[in-house]
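Presented below is the structure to which this report refers.
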Amino acid sequence: MQFMLLFSRQGKLRLQKWYVPLSDKEKKKITRELVQTVLARKPKMCSFLEWRDLKIVYKRYASLYFCCAIEDQDNELITLEIIHRYVELLDKYFGSVCELDIIFNFEKAYFILDEFLLGGEAQETSKKNVLKAIEQADLLQEDTKEAETPRSVLEEIGLT
Amino acid sequence: MPAPIRLRELIRTIRTARTQAEEREMIQKECAAIRSSFREEDNTYRCRNVAKLLYMHMLGYPAHFGQLECLKLIASQKFTDKRIGYLGAMLLLDERQDVHLLMTNCIKNDLNHSTQYVQGLALCTLGCMGSSEMCRDLAGEVEKLLKTSNSYLRKKAALCAVHVIRKVPELMEMFLPATKNLLSEKNHGVLHTSVVLLTEMCERSPDMLAHFRKLVPQLVRILKNLIMSGYSPEHDVSGISDPFLQVRILRLLRILGKGDDDSSEAMNDILAQVATNTETSKNVGNAILYETVLTIMDIKSESGLRVLAINILGRFLLNNDKNIRYVALTSLLKTVQTDHNAVQRHRSTIVDCLKDLDVSIKRRAMELSFALVNGNNIRGMMKELLYFLDSCDPEFKADCASGVFLAAEKYAPSKRWHIDTIMRVLTTAGSYVRDDSVPNLIQLITNSVEMHAYTVQRLYKALLDDISQQPLVQVASWCIGEYGDLLLSGQCEEEEPIQVTEDEVLDVLEGLLVSNLSTPVTRGYSLTAIMKLSTRFSSVNRIKKVVSIYGSSIDVELQQRAVEYNALFKKYDHMRPALLERMPIMEKTASNGPTEIVQTNGETEPSVVEPKHPPPVNQPASQGNDLLDLLGGNDVPVIQTTMPTKPASAGGELLDLLGDLSLGGPAPAPAPPAPASQPPFLLDGLSSQPLFNDIAAAGIPPMTAYNKNGLKIDFTFERANPNPNVAVITIHASNSTEADMTDFVFQAAVPKTFQLQLLSPSSNVVPALNQGTVTQVIRVLNQQKQQLRMRIKLTYTHKGSAVQDLAEVNNFPPQSWQ
């Protein structure tokens with residue numbers, strides 16, 4: 001996989017994961033064009049399209065489009081399954097995930113993705129194991145947080 | 001200093017912005033706050049600030065000032081910091097910036113961290129965006145981790161190794177020892193990533209491929225276990241056990257089995273098993289079947305297995321899921337060359353896909369349909385394809401029309417069918433056909449001698465209906481010009497002959513001249529057609545009048561033609577019948593691919609047109625170099641010639657000096673205003689040399705370039721209309737001796753600032769006693785408007801001995817290059 005983009009029906013980017021080195025300008029250009037192309041597709045059309053020299057696999061879940069760019073020798077149908085697995089992971093983690101969850105917790109969405117895919121390929125095929133790893137890492141984050149000097153309540157809620 | 005606001009708080013605030021301007025203001029304010037916070041080197045809130053920066057970056061705002069902060073976070077001991085730091089690095093940094101190299105040391109330390117989650121972060125980052133330098137530095141660490149017993153780390157190390165190999169292929173050897181036991185792992189994550197690593201290595205190195213072939217039995221065993229084992233909740237997807245792993249194993253098997261009999265045999269059974277036992281009700285099962293089919297087709301599988309694979313694809317075509325249909329068409333397209341007969345069996349299903357709603361499916365179906373057309377199914381297939389052409393989207397029409405022409409040319413069962421088919425395309429999709437279809441069609445018509453009456457009648461009727469489609473109009477005008485007499489005489493055998501009068505025909509042609517729908521090219525065609533009718537019809541006066549009117553046309557091309565035709569009436573009336581007589585049968589062009597003899601399967605057809613071999617014009621490199629040496633100095637001349645199969649005459653062909661020299665390939669740009677040279681069909685192949693010297697050039701006098709030993713070569717000039725920097729020179733070679741000059745070859749070289757193109761000569765025999773001339777067209781591109789100089793080389797056989805001569809041509813008239 002070369003990259004994965006998540007965007008809303010209005011074309012707002014919610015997540016971008018690039019597995020190939022490109023400049024910021026190029027990434028913006030690709031994103032803009034691809035978002036336009038995918039949003040222009042009618043509902044009856046198939047989930048695959050050819051774009052430049054890549055194959056694009058996309059699927060819409062509620063208000064979010066999940067869009068992956070794969071190479072010629074990659075299997076489009078299994079990519080659909082990869083997308084679906086990622087959505088399932090998000091769903092399990094957030095409990096009935098919706099777009100707002102991903103907006104407000106985008107960094108967590110990235111963490112989950114990085115436990116599922118690495119360098120564009122799946123690193124773990126068991127849903128349970130991915131979620132377990134995230135859980136452990138989250139705990140580790142909590143532990144180290146508690147290890148800091150305790151702050152006042154007022155500080156916690158951002159009032160001082 | 002108040003604590004910086006929290007991430008969620010910021011997100012909430014920004015989302016309340018009602019306009020883009022408001023959002024920008026909020027962001028700028030926050031960025032300023034973050035910047036000052038960074039300046040204060042605040043450790044506590046750095047993480048929070050970078051997280052906010054990442055959010056703003058996603059919205060599209062610049063965040064480069066946070067790059068160094070990410071590095072500081074990575075270096076921190078806190079896990080939270082590292083998590084955000086590495087994320088920031090992956091989002092904000094890339095290998096183009098030198099800054100990224102500062103990460104290397106941190107990553108190295110973290111790869112050896114005591115906490116596996118930290119090690120995981122480091123592996124992930126390296127495997128996602130590590131540059132070649134970083135990979136070189138850290139490959140050793142990755143290799144170490146590849147051998148660890150911790151499966152959490154081992155699987156990540158495997159994919160990280162894949163990235164390292166992609167970036168620095170030379171390091172591949174280093175990972176070889178570690179791959180030894182990878183496949184004996186029970187952990188699916190490790191298995192999956194190991195298969196990916198092995199695949200990458202095999203794809204990159206034939207040695208590795210040979211080395212890993214021995215793993216085939218083990219892979220087969222793993223796959224078998226996956227299929228046969230009962231329900232495994234951890235890896236189950238809709239009743240299938242770990243489809244991701246199955247697909248990757250199948251892909252690796254494909255690479256290992258390709259071209260190798262033993263391996264292919266070893267995997268035969270398992271492939272058959274997967275192909276027959278996999279559940280097809282859901283996408284996941286079909287994904288596995290798809291990969292299986294690809295593997296079967298690529299390895300040396302037995303024919304039974306191949307047929308099984310194609311049948312699976314055939315079933316895919318009937319699936320309700322359009323994604324499956326798409327994938328099936330793509331795969332069939334790949335296999336149609338090798339397993340043509342098997343794919344033919346699914347032809348009707350494929351043709352049905354032409355009516356699909358999805359654009360990508362339609363395109364695939366169209367390409368596949370054209371690939372399946374053969375002599376047996378041509379009639380049926382063409383009916384479907386023409387129907388498709390009628391109703392498809394404009395984006396398909398050009399390709400479909402080209403495909404129809406190609407298929408018709410190869411497999412037409414009869415000349416009449418061929419002409420009917422082409423007429424159908426021109427009338428329904430006439431505006432989308434490629435520019436070279438007009439000359440091709442004209443040539444086809446010329447060569448179908450017995451169909452002339454039928455053709456001209458049909459074209460005439462089509463004109464009466466609709467004059468908006470230019471290619472149709474052009475072909476029709478040309479035909480009426482050539483065969484107008486047949487139209488009048490009512491000789492048509494194929495269908496009911498129509499009754500027309502001369503005036504009616506001339507009305508139609510004149511109508512084309514004045515119509516707003518006609519392009520300048522079309523007008524040229526119709527004027528020429530009218531002129532030709534002067535020898536076929538009796539209303540010569542009417543024609544004379546039309547021609548003289550256009551002598552003052554604003555359109556330069558039309559004006560030129562009219563003036564020349566006028567001259568024909570006045571000064572050269574005795575030449576007119578000869579000049580305007582029927583065109584001879586033309587050579588077959590090689591425009592759309594390999595030259596093929598037109599097949600006429602059965603049906604009422606006499607002999608077939610044989611492609612004539614045009615005189616060789618190829619210049620072998622050595623001869624070219626002789627000329628190169630002689631012109632010497634700093635000017636290195638450039639000699640360009642056409643390929644020998646190019647036709648000598650091709651009206652409407654747009655030979656662009658700067659573009660392709662060959663005609664093969666997709667359609668050139670839409671037709672420029674006018675074709676380059678004089679009225680295309682009148683001059684070529686004719687011997688009357690002196691006649692057109694004064695008429696031809698738009699004011700450029702002709703010149704004698706060479707005159708020795710009885711061989712005289714004259715140059716006549718004209719400008720190519722679309723490009724005033726291109727001078728078109730026609731050479732006329734005549735022979736005043738008593739013996740013919742055979743094997744006559746004319747070569748030319750020009751200085752480097754020019755570009756030259758030689759078209760095919762009219763023949764390679766210059767007849768004795770000035771009985772005829774050999775003509776050849778040279779086009780010279782003179783962008784810098786320099787003085788034209790040329791060196792020419794002549795070779796021929798005269799009275800049994802070979803003659804060769806070189807000459808310089810310097811007496812070009814100034815108008816030819818200014």
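Before moving on, here are some points about what is shown:
- Selection within the stretch B:81-95 - more than 8 Å from chain A (Cβ to nearest Cβ) and either of a type in the set (Gly, Ala, Ser) or part of a loop (DSSP other than H, G, I, E, B) (or both): B:85, B:88, B:89, B:93
- Among the residues of the stretch B:290-322, the ones that are closer than 16 Å to residue A:76 by Cα and of a type in the set (Ser, Thr, Tyr) come to 3 in all.
- Number of the condition not met by residue A:36 [criteria: (1) open to solvent by 80 Å² or more (accessible area, probe 1.4 Å); (2) closer than 26 Å to residue A:88 by Cβ]: (2)
- If only residues of the stretch B:47-80 that are in a loop (DSSP other than H, G, I, E, B) and small (Gly, Ala, Ser) are counted, the one that is farthest from residue A:15 (Cα to Cα) is B:76.
- Qualifying helices (runs of 4 or more DSSP H) (wholly inside the stretch B:227-323; at least 3 residues being under 31 Å from the mean Cα position of the chain (by Cα)): B:243-257, B:283-298, B:303-317
- Search result, residues across the stretch A:27-75 that are modelled with pLDDT under 90, farther than 28 Å from residue B:249 by Cα and at the interface with chain B (Cβ under 10 Å from one of its Cβ atoms): A:42, A:44, A:45
- Test: residue B:310 is under 28 Å from residue B:248 (Cα atoms), of a type in the set (Val, Ile, Thr) and within 14 Å of chain A (Cβ to nearest Cβ): no
- Filtered residue count, the stretch B:156-178, keeping only those that are over 38 Å from the mean Cα position of the chain (by Cα) and open to solvent by 10 Å² or more (accessible area, probe 1.4 Å): 4
- Conditions (1) open to solvent by less than 60 Å² (accessible area, probe 1.4 Å); (2) more than 8 Å from chain B (Cβ to nearest Cβ); (3) touching a residue at least 24 places away in the same chain (Cβ under 8 Å); (4) under 24 Å from residue B:81 (Cα atoms): number failed by residue A:111: (2)
- Restricting B:236, B:242 to residues that are within 11 Å of chain A (Cβ to nearest Cβ) and free of Cβ contacts under 8 Å to residues at least 24 places away in the same chain narrows the list to B:236.
- Contact map, the stretch A:122-146: first residue facing chain B (nearest Cβ under 9 Å) and in a helix (DSSP H, G or I), second residue open to solvent by 30 Å² or more (accessible area, probe 1.4 Å) and not polar (S, T, N, Q), Cβ cut-off under 6 Å, separation 6 or more or different chains; pairs are A:128/B:234; A:137/B:117; A:140/B:117; A:144/B:78.
- Segments classed as helices (runs of 4 or more DSSP H), wholly inside the stretch B:336-382, with at least 2 members that are under 16 Å from residue B:400 (Cβ atoms) and either touching a Ser or Thr at 6+ places or on another chain (Cβ under 6 Å) or hydrophobic (A, V, I, L, M, F, W, C) (or both): B:347-352, B:359-372
- Single match in A:86, A:93 (criterion: among the hydroxyl-bearing types (Ser, Thr, Tyr), within 14 Å of chain B (Cβ to nearest Cβ) and closer than 22 Å to residue A:124 by Cα): A:86
- Residue in the stretch B:454-471 that is in contact (Cβ under 8 Å) with a residue 40 or more places away in the chain, within 19 Å of residue B:380 (Cβ to Cβ) and under 29 Å from the mean Cα position of the chain (by Cα) present: no
The values are calculated or read from the model by the stated rules, or taken from the named source; none is laboratory data. Note that the structure is a prediction, hence the values are computed from the model and not measured. A quick note on method: Cβ atoms are made from the backbone with ideal geometry, for glycine too, and the neighbour counts reach across all protein chains shown. Surface areas here come from the heavy atoms of the whole protein model, side chains and all, with no ligands, DNA or RNA. Shrake-Rupley method; radii C 1.70, N 1.55, O 1.52, S 1.80 Å.
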